[in-house]
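Have a look at the structure below, then the notes.
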Amino acid sequence: MCGIVGYVGRREAAPILVDRLDDLSYRGYDSAGVAVAHDGVVVVEKCPGKIENLRAAVGKATPPGTLGLGHTRWATHGAPTQVNAHPHADCTGRLFVVQNGIIENFPTLKRELLERGHEFSTETDTEVVIHLLEEYYDGDLLAAAKKTAARLEGSFALAFLAAGEERLVAVRYHAPLIVGIGGGENFVASDITALLQDTNKVYVLENGDVVSVEANRIDVDSFLPDPPKALGTRQLTIVDWRPEDVSKNDYPHYMLKEIHEQPRALERTLQGRIKDGEIVLREMGLASELIRRVNSFHLVACGTAYHAALFGKYLFERVLRVPVSADIASEFRYRDPIVDGRSLVILISQSGETADTIGSLEEARARGAKTLAVVNVRGSTLAREADAVLYTRAGPEIAVASTKAFTAQLTAMFLLVCYLADRRRMEWPYPREELLAHLASLPSYLEQTLEQTAATAREWGQLIANEADCYFLGRNVDEPLAREAALKLKEISYVHAEAYAAGELKHGTIALIAEGTPVVSFMTQAEVWDKMISNLHEVRARGARTFAVAREDGIGLEDLVEGVMTLPAAPELFAPILAAVPAQLLAYEAAVALGRDVDQPRNLAKSVTVE
Ligand code: G6P
């Protein structure tokens, strides 16, 4: 989704803005632009396509000003053209804006502004913002921004500059925005990854905040008559990510780097959380009495995080013996969910900024439910808004396709279910000490999985790259894994893929299995082993080329499949976490074989901050 950066300080703004936009490019974009102020004049450069186009244009044309705005646009209203790229200017060419979000009442505002004689040159919803600012501007950018924001409906983060004013003004309303604090220079950005090279000190803005950012001064105001938090309470957050965490090192793609970072990521997820036979999640802050009172659990998320939620549902029901629902956030929030004061709604998200997941949190809260955010990014909206938070600590994830954040979410599901079971005084259905020892060993199991599966994943990936379709099957906890494998393959290789609960295949989709169709089965669960074997027979009988991912003791597959990837001998409950690795590698190899843009696949955004 769109990315915003702003700089005011002592250095030349244009190269900093372009570099920071590059750092934000992982969010997904299709055009980019900057505006730089110098001697009372503002110069704008914008280009469709890659940041490199912008870099070349900026190199030639932009003045050495020390104040500027930058933007990566992921098109919603209007095609990704140069004209529609941000920043947008008012009629006088002296006021500029960049936006992330959607202005829902833009048609009404546009009519009003056209009647008042404003001239529009783009198809975007954002352009109304700058003409509205023009209406209110009388030399005080902060005051005009407040009046402008108060007229807007939707969710938005905005940054403005005005020729002749030595400051940026930024607004946050249901879209992420932070202010970074440097020495004699300050920044505005959509997220922290854009600022890691410059500072680890940030203010996370609240909804309604309007900030004036100068080189040595920051003033916070609000455009809401009743701000959600008192203005004096913005806390300086010190970020513990390092610049090297967001570099590719020697890997050809971020995705491959992040796949290989999983053992280390899980080490961090588990660090300090298993002590003397207990799960310690003190920082989460959920009272035991509340945990005991809960009579329904609801897991809510989008995309890959939703697959972690589905896995969580199996696990929670198995251990807690209460009804657990797993929902796609965009469905949960609009389906009149049955939650109340005795429900715990668990929102799972890498970024903590996904619009529908935040909407679900608000919906749950409005119905009196307690909310727990399982998130990766510290200080993100979900982390701040939920009643309690469990950080997955996977470190920054840059590739659009989520990998280490996913296995960290699955691991967090284990920590959480064991923690809840203890508070609810439940017997664990597995020998406690053994389970905890294996949980602590997950990083080394993952290490072994990477070693054991990388070569075969390359072979399979190259083979699947030549096919039009691919099917993934699984049952029980392997079913969410099959879904995740299909999603990974689709999103980065564009090969059509579908996942099925293996037993459901016969109810329609088996009609699509033809001679040579690849079918990959996840077979890590003994309880459904025989059923999976039958399903393999069924698809083979229709000409499918069959492959399996199984545990080391998954013998007996030789005559049924063309290839098997075996996982280390961890308890079968953990096998789906390990099986995620070959699923990711397979998608990666297929995408590489097809020459795809692995880290920034077409049409996708890392963080979906609009509905
Ligand atoms: C986008 C990303 C996915 C991610 C999903 C949910 O679609 O491309 O990789 O799983 O959003 O994001 P979240 O940050 O809430 O986990």
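The values are calculated or read from the model by the stated rules, or taken from the named source; none is laboratory data. These numbers come from a predicted model, not from an experiment. Cβ placement follows ideal geometry from the backbone for every residue including glycine, while neighbour counts extend to all protein chains displayed. When the accessible area is computed, the model is the full protein with side chains, heavy atoms only, and any ligands, DNA or RNA have been set aside. Shrake-Rupley method; radii C 1.70, N 1.55, O 1.52, S 1.80 Å.
Here R234, R242 are screened, and the one residue that is under 26 Å from L161 (Cα atoms) and touching a residue at least 24 places away in the same chain (Cβ under 8 Å) is R234. Filter segment 589-609 down to the residues that are open to solvent by less than 10 Å² (accessible area, probe 1.4 Å) and within 16 Å of the ligand (Cβ to nearest atom) and list them by number. Listed by number, the residues that qualify are A591, V598, P601, S607, T609. Would you confirm whether or not segment 405-417 contains a residue that is part of a loop (DSSP other than H, G, I, E, B), within 12 Å of the ligand (Cβ to nearest atom), buried (at least 24 other Cβ atoms within 10 Å of the Cβ) and in contact (Cβ under 8 Å) with a residue 12 or more places away in the chain? No, the conditions are met nowhere in segment 405-417. Scanning segment 342-374 for residues that are open to solvent by less than 10 Å² (accessible area, probe 1.4 Å) and either more than 16 Å from the ligand (Cβ to nearest atom) or of a type outside the set (V, I, T) (or both) yields a count of 12.
Restricted to segment 28-73, the set of strands (runs of 3 or more DSSP E) holding at least 3 residues that are out of contact with any strand residue (DSSP E or B) (no Cβ under 7 Å at 6 or more places or on another chain) and among the small types (G, A, S) is empty. Filtered by the rule that a residue be within 13 Å of the ligand (Cβ to nearest atom) and modelled with pLDDT under 95, segment 313-329 gives no residues.
The single condition from (1) open to solvent by less than 40 Å² (accessible area, probe 1.4 Å); (2) part of a helix (DSSP H, G or I); (3) away from the ligand (no atom under 16 Å from the Cβ) that E258 fails is (3).
The C-beta contact set for segment 352-374 (first residue in the same structural domain as R384 (by TED's automatic domain parsing), second residue away from the ligand (no atom under 15 Å from the Cβ) and hydrophobic (A, V, I, L, M, F, W, C), distance under 6 angstrom, 6+ apart or interchain) comprises A364/V339; R367/V339; A369/V339; K370/L344; T371/A364; L372/A388.
Residues in segment 314-341 that are part of a loop (DSSP other than H, G, I, E, B), surrounded by fewer than 19 Cβ atoms within 10 Å (Cβ to Cβ) and among the basic types (K, R): R321, R335. Of all residues in segment 347-365, those satisfying the criterion of being part of a helix (DSSP H, G or I) and either in contact with a strand residue (DSSP E or B) (Cβ under 7 Å, 6 or more places away or on another chain) or among the aliphatic types (A, V, I, L, M) (or both) are A355, T357, I358, S360, L361, A364, R365. Taking G368 as the residue in question, decide whether it is on the phi > 0 side of the Ramachandran plot, modelled with pLDDT of 95 or more and outside any helix (DSSP H, G or I). Spelling it out, G368 is indeed on the phi > 0 side of the Ramachandran plot, modelled with pLDDT of 95 or more and outside any helix (DSSP H, G or I).
Inside segment 1-27, can you point out the residues that are away from the ligand (no atom under 16 Å from the Cβ) and in a strand (DSSP E or B)? Answer for segment 1-27, where residues must be away from the ligand (no atom under 16 Å from the Cβ) and in a strand (DSSP E or B): I4, V5, G6, Y7, V8. Residues being surrounded by fewer than 18 Cβ atoms within 10 Å (Cβ to Cβ) and polar (S, T, N, Q) are represented in segment 46-67 by at least one member. Only one of the listed residues (I398, I338, I358) is touching a Phe, Trp or Tyr at 6+ places or on another chain (Cβ under 9 Å) and not charged (D, E, K, R). That residue is I398. Taken over segment 265-288, the criterion of being part of a loop (DSSP other than H, G, I, E, B) and either farther than 15 Å from A437 by Cα or open to solvent by 40 Å² or more (accessible area, probe 1.4 Å) (or both) is satisfied by Q271, G272, D276, L281, G285, L286, A287. Scanning segment 474-508 for residues that are in a loop (DSSP other than H, G, I, E, B) and either at negative phi or within 16 Å of the ligand (Cβ to nearest atom) (or both) yields R475, V477, Y494, V495.
Candidates in segment 375-388 are the residues that are more than 14 Å from the ligand (Cβ to nearest atom) and modelled with pLDDT of 90 or more; of these, the one that is least open to solvent (accessible area, probe 1.4 Å) is A388.
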